[in-house]
Amino acid sequence: MADENVEMWEKLGIDIEKHNALLNRLGPAYQEIFLSRENRPEGMGFYDFVVGDIHGIRVKELRAHAAKGGKVVATYCVFVPEEIVWAAGGIPVGLCAGAQFSIPMAEPILSRNTCALIKSSLGFKLGLVCPYVQASHLIVGETTCDGKKKMFEILNEYHPVYVMEVPNKKSERSQELWLGEVRAFKDVIEDLTGNKITADSLAEAIDSVNARRRALQRLYNLRKASPAPISGRDALLVTQVSFYDDVKRNTQMINALCDELDERVASGQGIAPEGTARILVSGCPQAIPNWKLHQVIESAGAVVVGEETCTGTRFFSELVPSVDSNLDKQIEAVANRYMNIHCACFTPNEERLDDIVRLARECKVDGIIHYNLQFCHTYATEAAQVEKRLEKEGLPLLRIETDYSDEDTGQIKNRVEAFLEMVKP
Ligand code: SF4
Ligand code: SF4
């Protein structure tokens with residue numbers, strides 16, 4: 001571990017001992033899930049390098065930005081419009097909240113019956129183990145679920161937090177409310193950064209974020225090939241890293257990976273032989289380093305070819321349409337784009353059911369695994385509708401409800417294996 005990293009973490013107020021314990025757990029897990037596997041695309045080397053220094057290189061870049069007076073804005077949900085932050089000269093960073101490690105640090109405060117993502121988020125702040133949280137000038141929360149919105153009140157006692165109100169319906173009135181929220185967010189970010197957003201700066205930000213979305217769409221489309229050219233674990237990692245990497249560099253790296261995958265597809269080279277069971281994962285987000293379900297599925301001999309999640313298609317399938325260089329119109333276009341995310345926090349949410357069916361067909365899957373974080377009531381309840389719809393469409397479904405711990409891994413493995421036995425081509 002570079003001394004300069006330790007010095008930087010100390011300056012950020014990180015609890016070095018606990019932080020060492022976190023990194024010591026991450027290394028062996030990464031080795032087992034990623035590095036030990038063969039036939040990975042060479043383009044994954046960039047991601048191995050980034051994760052190998054997960055709290056070093058990128059944090060250094062954020063600190064350099066802050067040293068010049070720049071601001072870092074941390075988020076937890078794909079509803080927070082990152083274009084607004086980039087356009088004001090800030091850097092948005094999607095926080096991870098996918099680690100079991102930080103959960104015990106939040107449990108003295110939060111009820112045990114709280115979703116792992118919420119506990120992990122608060123634990124990272126309370127335990128002083130995340131340099132991204134520490135390097136951020138503002139955390140932006142949202143009212144997407146009850147657990148999160150109440151957690152943000154507590155988090156605000158320890159770190160500056162601003163909460164955006166996400167409506168629960170997609171009616172015209174709700175869209176007006178959301179547009180007002182995006183406008184208010186613009187004001188907050190302008191105040192924080194001291195920079196005025198202009199039509200030009202917002203147009204540039206929209207282009208950059210759209211370019212990354214297109215690159216991720218390209219990766220997603222390449223996974224439709226049979227045999228699949230990349231594992232679900234690697235593809236998931238690419239999306240997870242996109243949440244905190246520089247948007248332009250990230251776009252380049254995804255496109256370079258896709259160039260390599262184009263060649264694999266053209267020559268019929270797959271990550272697993274043709275005839276391997278193909279699975280679509282749908283449900284709650286899998287924030288880094290939550291690779292548990294993908295690891296179980298792929299270790300059981302299947303390949304994950306798509307994710308209908310916020311660390312999958314919900315993150316990149318909609319672009320912001322180009323509009324005239326008029327700031328008001330651009331803000332409206334940004335707001336509308338975000339209202340097209342089909343999160344289970346909306347009622348009704350038929351569009352998500354349509355998406356799952358469409359994606360299952362596009363990716364030619366043999367089955368769908370619905371991934372539910374325990375105590376996430378919106379996704380758990382919506383799963384009943386997902387089940388009904390998929391039954392009608394003749395698409396096999398397995399529902400998994402779990403958390404970040406390893407306690408139930410054996411049991412999930414048995415259920416996944418039995419499911420694969422049933423659906424394998
Ligand atoms: S599942 Fe809903 S609340 Fe969670 S990150 Fe996605 S959009 Fe946000
Ligand atoms: S997974 Fe569900 S309960 Fe957890 S933060 Fe997201 S919406 Fe809320």
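Within the stretch 268-276, is there a residue that is crowded, with 21+ Cβ neighbours inside 10 Å, within 20 Å of ASN221 (Cα to Cα) and over 22 Å from the mean Cα position of the chain (by Cα)?
Yes.
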**Q.** Boolean, ILE254 is crowded, with 22+ Cβ neighbours inside 10 Å, of a type in the set (Val, Ile, Thr), part of a helix (DSSP H, G or I) and over 14 Å from the mean Cα position of the chain (by Cα)
**A.** yes
Q) Do we find that GLY123 is surrounded by 19 or more Cβ atoms within 10 Å (Cβ to Cβ), within 14 Å of ligand 2 (Cβ to nearest atom) and at pLDDT 95 or above in this structure? A) yes
Q. Could you list, in sequence order, the residues of the stretch 329-341 that are assigned to a helix (DSSP H, G or I) and either within 16 Å of ligand 1 (Cβ to nearest atom) or within 22 Å of GLY394 (Cα to Cα) (or both)?
A. VAL334, ALA335, ASN336, ARG337, TYR338, MET339
**Q.** Pick from the stretch 273-297, criterion part of a helix (DSSP H, G or I) and within 16 Å of ligand 2 (Cβ to nearest atom), ranking: nearest to ARG358 (Cα to Cα)
**A.** LEU293
Q) Would you pick out the residues in the stretch 62-100 that are free of Cβ contacts under 8 Å to residues at least 24 places away in the same chain and either of a type in the set (A, V, I, L, M) or closer than 18 Å to CYS145 by Cα (or both)? A) ALA64, ALA67
Q: Those residues that are crowded, with 18+ Cβ neighbours inside 10 Å and in a loop (DSSP other than H, G, I, E, B), I need them from the stretch 342-357; list them, please.
A: HIS342, CYS343, ALA344, CYS345, PHE346, ASN349
Q | Test: residue in the stretch 83-90 that is crowded, with 19+ Cβ neighbours inside 10 Å, within 16 Å of ligand 1 (Cβ to nearest atom) and acidic (Asp, Glu) | A | no
(Q) So the check is Cβ under 7 Å with 6+ separation or different chains; which pairs have a first residue in the stretch 372-384 that's without any contact (Cβ under 8 Å) to a residue 24 or more places away in the chain and a second one that's polar (S, T, N, Q)? (A) ALA380/ASN372
Q. Which residue, of GLY147, GLY141, is within 23 Å of PRO289 (Cβ to Cβ), of a type outside the set (S, T, N, Q) and surrounded by fewer than 22 Cβ atoms within 10 Å (Cβ to Cβ)?
A. GLY147
Q: Search the stretch 102-124 for residues that are basic (Lys, Arg) and pair each with any residue that is surrounded by 14 or more Cβ atoms within 10 Å (Cβ to Cβ) when their beta-carbon atoms are under 6 Å apart and the residues are at least 6 apart or on different chains.
A: LYS119/ILE103; LYS119/ALA106; LYS119/LEU110
Q | In the stretch 358-381, residue surrounded by the fewest Cβ atoms within 10 Å (Cβ to Cβ) [restricted to those that are near ligand 2 (Cβ under 9 Å from one of its atoms) and of a type in the set (Ser, Thr, Tyr)] | A | THR378
Q: Return yes when ILE84 is within 30 Å of ALA199 (Cβ to Cβ) and not charged (D, E, K, R) and no when it is not.
A: yes
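Results for (1) within 15 Å of ligand 1 (Cβ to nearest atom); (2) basic (Lys, Arg); (3) in contact with a helix residue (DSSP H, G or I) (Cβ under 8 Å, 6 or more places away or on another chain), shown as yes or no for each residue.
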residue: VAL323; (1), (2), (3): no, no, yes
residue: LEU327; (1), (2), (3): no, no, yes
residue: THR347; (1), (2), (3): yes, no, no
residue: CYS363; (1), (2), (3): no, no, no
residue: HIS370; (1), (2), (3): yes, no, yes
residue: GLN374; (1), (2), (3): yes, no, yes
residue: ALA383; (1), (2), (3): yes, no, no
residue: LYS392; (1), (2), (3): no, yes, no
Q) In this structure, does ILE139 turn out to be of a type in the set (Val, Ile, Thr), farther than 19 Å from ALA344 by Cα and within 15 Å of ligand 1 (Cβ to nearest atom)? A) yes
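The values are calculated or read from the model by the stated rules, or taken from the named source; none is laboratory data. All values derive from a computational prediction rather than experimental measurement. Note: ideal-geometry Cβ built from the backbone for every residue, glycine included; neighbour counts use all protein chains shown.
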